[in-house]
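A short write-up of the structure that comes next.
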Amino acid sequence: MNNLRSADVLSVDMIRRLVAFNTVSRNPNRDIIDFIHAYLAGLGVEGRIIPGDEEGKACLLATVGPAGRPGIVLSGHTDVVPVDGEAWSSDPFAAVVRDGRLYGRGCVDMKGFLGIVLAHVPMFLAANLKTPIHLAFSYDEEVGCIGVRPMLEVINRMPVKPAFCIVGEPTRMTVMTGHKGKKSLRVTVRGHECHSSLAPMGVNAVEYAAELIAFIKGLARRLERDGARDGAYDIPHTTAHVGRIAGGTALNIVPRDCWFEFEFRVLPADDPEVLLAEVRDYAERTLEPLMKAIDPKTGFSWQEIGAFPGLDTAADAPVVRLATRFAGNPRTGRVAFGTEGGLFATEAGIPTVICGPGDIDQAHKPDEFITLDEVARGEAFMRAVADFCVRETL
């Protein structure tokens, strides 16, 4: 372990063990959950495995310290994004240290945080905690914050609910008080095929999809020009984006079928349902009458892919004051990427912030890494959490 300080060794070893599990969201995550469950059991901590709706998927919820008091949730997801088509310098699922960095899929997003938390459980146990520390590890965050939802149902039934939540997404250990919400959809366009020489007699699904996409782009420009603003975000307004499209079979056939996928990333001041209603109204009132005049079976259908609420924690909230104290950094900000924090706040009513080691700019890329300096900062954060939980109660 070249370039490792002794304080980092246990955390880096645990991160390596977690990275070795190929928990790309399309795969089951039960193996990593069983590993964490067994690790905690070996330390005398009883964890609860919460099965997901899909076979092989599960969350884990565990408490270190007195369960009958409000505590602090340390939250993270076990899934990672795919490595397909990426040019890695080493095996993405065999983390390696080079030049003061730990490389591997998930090292920063977010097995780095999970590894640091798990490596510090013996320290939590050795302390006489007055305030409990809850470990909440989910699945399928990367595909729409799916897996945390059954765990939140369990948390909502706890006799004493946690007081605060810290989601350990990579923020370079700066406390983030908010993130945008997201709503994503697939639109399927049904047209009427015919020979392209008779194009006016058909309903071109690709062209009608393009008209609706152009409308969405116009909506995006309007939001950028005239919409709500929050200068704490790098992109300070709500955005609309079309990311995928497919349709047609041959150039000489007026296409019957087309589909595309789009999303809104919304500030708390904007309602994604209102924006979606505007898009649907244009499709159904302006475009569909033209389509159905030729064939009444044509039109648009809508399928929600995923949605999660934004996070909007007040800058002077107690959870912010506490988390900045743990981080040793009074600065706060907001992040454009989504997290499970909005669900902890809205579905469970738990005041939440985002704060974790590493830089989000390294996530979702080949040769993803976390620096050893960031690992050390994450460890300092855990020591501060433990010190508080030994001395004070919530």
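A compact table of results
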| read-out | value |
| --- | --- |
| Cα centroid separation - region 181-246 against region 35-70, whole Å | 42 |
| Residue among V160, V353, V121 with the largest mean-square fluctuation in a Gaussian network model of the chain, springs linking Cα atoms under 10 Å | V160 |
| Those trypsin sites (Lys or Arg not before Pro) in region 97-168 that DSSP places in a loop and that have at most 10 other beta carbons within 10 Å | R157 |
| Residue among D234, D312, D13 with the largest mean-square fluctuation in a Gaussian network model of the chain, springs linking Cα atoms under 10 Å | D234 |
| Stretchable slack from D13 to A277, in nm (0.36 nm times residue separation minus alpha-carbon distance) | 90.1 nm |
| Candidate values (i) -0.38, -0.82, -1.05; (ii) -0.31, -0.78, -1.09; (iii) -0.43, -0.91, -1.13, label of the one derived for log10 I(q)/I(0) by the Debye sum over Cα atoms at q = 0.07, 0.11, 0.13 Å⁻¹ | (i) |
| Accessible area per residue, Å², region 196-277 with all protein chains present, probe 1.4 Å | 54 |
| Net length gained if the chain between Q303 and A315 were fully extended (0.36 nm per residue, minus Cα distance) | 0.7 nm |
| Whole-number percent relative contact order across the chain, with pairs defined as alpha carbons under 8 Å at least 6 apart | 25 |
| Probe 1.4 Å, accessible area per residue of region 40-128, Å² | 37 |
| GluC sites (Glu not before Pro) lying in DSSP loop within region 307-394, provided at most 13 other Cβ fall within 10 Å | E392 |
| FRET efficiency for D99 and A269, using Cβ-Cβ distance with R0 set to 51 Å, rounded to 0.05 | 0.70 |
| K365-R325 FRET efficiency (beta carbon distance; Förster radius 30 Å; 0.05 resolution) | 0.40 |
| Over the chain: helical MRE at 222 nm, DSSP H runs n ≥ 4 each giving -39500 (n - 2.57), nearest 500 | -9500 deg cm²/dmol |
| Potential lengthening between L251 and V390 on full extension [0.36 nm per residue; Cα-Cα distance subtracted] | 43.0 nm |
| DSSP-assigned coil residues among trypsin sites (Lys or Arg not before Pro) in region 249-307, each with at most 15 further Cβ atoms within 10 Å | K297 |
| Whole-percent carbon and sulfur share, accessible surface of the chain, 1.4 Å | 51 |
| Non-local Lys pairs in the chain, i.e. 8 or more apart or on different chains, that have alpha carbons under 25 Å apart | 16 |
| Helix runs (DSSP H) in the chain reaching 27 Å along axis by Cα, Kyte-Doolittle at least 0.5 | none |
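The values are calculated or read from the model by the stated rules, or taken from the named source; none is laboratory data. These figures come from a predicted structure and were not determined experimentally. Note: ideal-geometry Cβ built from the backbone for every residue, glycine included; neighbour counts use all protein chains shown. Accessible surface is based on the protein model in full, side chains and every heavy atom, while ligands, DNA and RNA are left aside. Shrake-Rupley method; radii C 1.70, N 1.55, O 1.52, S 1.80 Å.
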